[in-house]
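Q: Would you mind keeping the following structure in view while I ask a few things?
Just so you know, all these numbers are worked out from the coordinates, no wet-lab data involved. Keep in mind it's a predicted model, so treat the numbers as computed, not measured. We place every Cβ from the backbone using ideal geometry, glycine too, and count neighbours over all the protein chains shown.
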Amino acid sequence: MSTNFWQLLGIEKTTDTTVIRQAYRVKLPLYHPETDPDGFKALREAYESAINYAKSPETAVDEMTENSKQAAPQLTEEQIKANEICEAYQALLTDPMRCYNIDEWQKFIGSFYDYPMTVIDSVKWRLLELSYKTTDISESCVKILADNLRWRQQLMTQFTDEYEIYDNYLNHIDRGDLFDYTCLPTTNKTLQNATIDYIYNAKWLFGERRAENVYAFLAQDTVIYLPDDKKFMLEFAHWHSTASLKNQSILDYALKCIAEGDEDENIIIEWKYIAAIQYTLLEDKQNALQAWLELYYSGHYQQKAESWIAGWCTYFEKNYFPLLVMALNNSYCVATDKTENYLHTIPQITATTTARLAALENIDEYPKEIVDFVNWGLNISWSYKQVLSILLLDDGNNRLYRLYRHAIMLRHGNEILLQEILDDQSDDPFEQFILQHLQRQARQHLAWLAELSPVQEFKAWLFDNNENAQLPPQFDPDENGKLALYARLWLDRFRDIPDIAKSHLYQSFHYSNMEMFDWITFLKFNDYYQLPKSPDPSVIANNKEAYWQWYRCYLLVIAITCKPVETAKFLRQENNTFIIDENNPFKPLIEIFKHGNWQNETELYNLINNDSGLINNVLNNYPNSIEWFIDAPHLIDFDDIAQKMEHTWTQKLANRNPIYLMLLYIIVLNKPEQKNKLDTMLQDITGDNKELIEIAKDLQDSWIIPSSNSQKKYNYIKQIDKIIMLAERLSNYYGICDNDELEMLDKFKNSSDNDLALRLCAALLIAKHRENRQILESQPLPKNKWWQFWRWKGRTNIKGFIIQLYCSFIVLGLMIALNNNFELNSPTFSMICYSIAATNMVFALKRRFNDIDIGEPIIGLVAEILASIFFFAPFWVSGVKYTNRFGPPVEETTKEKEK
């Protein structure tokens, strides 16, 4: 071995083992142990000698002197030339100025002509192995070398065992470089390698892993050089876009490419897409919106543009998002003359729109009126009452609420309001984008409203001047008319209709089926309120908001009647612009809402005087008001009513007629466990007034009606006698009312002309009737038959009573006849027969009085029997028509039923 092993390693004499090892690794690929075993051995000995020198320089000098005396093995000429080629290749790969320059590779390949073919044949496989082991090599350049040396054609004969490895490598270099490596700087090989490694790993992650993995990698701090390769930079930008990673450099590069405009149109669109994403990620609000809108209008990436615009909206303009979702609803509609299924002509809310609304995050963070809008959009009934709050807020000065109004009017707007959508414009590009989508849907709705034949047929009936025009059965919702849906869809769009049309609705539809016309029809035909006429076209021409303000005033009427408390709070808090005429029946109530001295619902309620049918109907919808319970007796809980009378309604019931209040408290508190409380309440009403104390005692103990003098003094009305009588009956669990009595109570409680306390009494008696009826129906009461003579606690009608008495008379007649003709001498037999006849008569009377509901107690029964017999009451007084403690009335015969 040559003593100059430093020359073989290619380094100066040193004791740094790291330098020695690095030099050895660099030279190792040039001396393959199979193709150049001698060279490999010499290199290994040189490495070991250098390491020994580094560990002990003095000893190593002696060894070198000794070894120098030995003759070094000589390389063949072919081996020397092969090593020269490998060294030249290694120098090319490590030179940052030449390693990616195809011309330099061509020069290297051209140098092969200076060597014999045997040398080239021996070294070409070392060059393949060296290429395979070298990282950050240019695949495009290696491809030129591979083609020249014909690696693929001879691979099978050279590498039988490792064929698959090198075959995959050759396939890899066939794909070329990740980008144009000549764009890399030529001064620093480390920077070149770092850039290639970074891009290679990013590309692999993009193709093999999820977006979050790409994001994690690209978000790392690193130093690389971004090559000026437009094709690669577009791909690189897409990686960032997929990972949603902002990068100002990518945005700048995209804008530069767009400005240069030297690419084809599709590439420019790609860069615009990248720019839009980066604007959004960098939170550049206006430029992001402009970029997405421009991309959308270009017809490219429309679905992605919609998605990114929605994301932009949730971040920058959150309150617009539910509106945007509804605007982007895209329902395909068939022309009215192209289908027999009319529903296909009417735009529907698509599943995509519903899913987007349902997926809204943190819905409670939106204003209440927008939450109402979302719930309205998700509700299949689409009740306009759900969105009253946001419609009332639209006074014409708020752009957001105006757009929400347009979205709601797609469902509830008439032709005028739909046309207003088409005529609207906005200087704000985002609002204009929303408007354009709302206008697309408005045109769809106008089409079916104007052209759909069921709609035209329904309107022909509705506007028919014949007052007796009958509703066509196909539009009758109560008869499941097959076209009733289209009538409903039209009625769900309020407009000013003539009185004849309102009359047709009033005569042919239940209020629940009139949709938006229910309240205006109810109020008109009960003489409570008449909506002013809508503005004529000349007024609308001069004031574009005139029609909406008229429409909005009607919505205010609905809001007051349906949601009085919420509307009162709204009118007090909002700077609204409702124009209310001085003669408007709602004017006094609105003034109380806006300017009354109230802080809560109870204080507001006490300020409202129930002095008209209109106000009464408003208070029917006022939660926990007296009128609310009067309107809904089925919701009455007597314990709850007692609490409200003692606290909430104290002021409302103050100064009422004392007799009415006595009756009210007795009905509510007539229970043994509440006697002390009732006594206290009555004492508060009567005070020291002896007359009132006597009336209270009579009512409480025996339900005795006040004297005529007291009646005149306290404005007593005749209906109270009936109410007291029913109150007495219903005070027992077995007491209930018949249909006529219930109808009387219902009519009495619904009349606002009657005293409020008495109306509440009527409602309470209806509630008590329901309670008692449930108790009776829960008991196993047997049915009554007229022939059940033996049933002491049974009932019989007049017919059964007469038959039962007739049987007793027959027995008596037979006994008299037998005694006269045969002179029976058996007093015992006679006594038995007379006893049977008498007992049967007593049972008949008892059953009859059970039917009249005066069968107990027994002492009272005896008195009633004597009095009733005297007046022949059992023969002409009808039994009660309801089930009582003795069971249901006797069933009618088949012939009676037929009559």
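Q: Using the C-alpha atoms of segment 521-560, what convex hull volume per residue, in cubic angstrom, is computed?
A: 60 Å³
Q: Further question: Taking 2.2 N^0.38 Å as the expected size of a compact globular protein, what ratio does the Cα radius of gyration of the chain give against it, to two decimals?
A: Numbers: Rg = 50.9 Å, N = 899, 2.2 N^0.38 = 29.2 Å.
So the chain has a normalised radius of gyration of 1.75.
Q: How big is the convex hull of the Cα atoms of segment 187-306, per residue, in Å³?
A: On the way: hull volume 13.7 nm³, N = 120.
Convex hull of Cα atoms, per residue: 114 Å³.
Q: How do 694-701, 754-761, 832-839 rank on mean C-beta neighbours within 10 Å, highest first?
A: For the peptides 694-701, 754-761, 832-839, the packing ranking is 754-761, 694-701, 832-839.
Q: Pairs to check: Lys230/Lys304; Lys712/Lys747; Lys785/Lys881; Lys385/Lys459; Lys285/Lys318; Lys231/Lys304. Give those whose C-alpha atoms are more than 18 Å from each other in this structure.
A: Numbers: Lys230/Lys304 23 Å; Lys712/Lys747 24 Å; Lys785/Lys881 15 Å; Lys385/Lys459 24 Å; Lys285/Lys318 13 Å; Lys231/Lys304 22 Å.
From the list (Lys230/Lys304; Lys712/Lys747; Lys785/Lys881; Lys385/Lys459; Lys285/Lys318; Lys231/Lys304), the Cα-Cα distance tops 18 Å for Lys230/Lys304; Lys712/Lys747; Lys385/Lys459; Lys231/Lys304.
Q: For helix 230-242, report the angle its Cα long axis makes with the longest principal axis of the Cα atoms of the chain; keep it between 0 and 90° and round to the nearest 10°.
A: Between helix and principal axis, roughly 30 degrees.
Q: How far, in degrees from 0 to 90, does helix 564-573 lean away from the longest principal axis of the Cα atoms of the chain, to the nearest 10?
A: Rounded to the nearest ten degrees, it is 50.
Q: Here is a further query. Let me understand segment 676-802 better: what is its radius of gyration from the alpha carbons, and its Dmax, in angstrom?
A: Taking only Cα atoms of segment 676-802, I get Rg and Dmax of 18.4, 57 Å.
Q: Now, a different point. Assuming a ≥ b ≥ c are the square roots of the Cα gyration tensor eigenvalues, decide whether segment 5-182 counts as rounded (a/c under 1.5), prolate (otherwise, with a/b larger than b/c) or oblate.
A: Note, shape of segment 5-182 comes out prolate.
Q: Nearest 10 degrees is fine. How inclined is helix 756-778 to the longest principal axis of the chain, computing both from alpha carbons?
A: 80 degrees
Q: To the nearest 500 deg cm²/dmol, what mean residue ellipticity at 222 nm is calculated for the chain from DSSP H runs of n ≥ 4 alone, each contributing -39,500 (n - 2.57), summed and divided by the residues? Present the calculation step by step, with values, prior to reporting the outcome.
A: Numbers: 49 runs with 573 residues, N = 899.
After summing the helix terms and dividing by the residues of the chain, the value is -19500 deg cm²/dmol.
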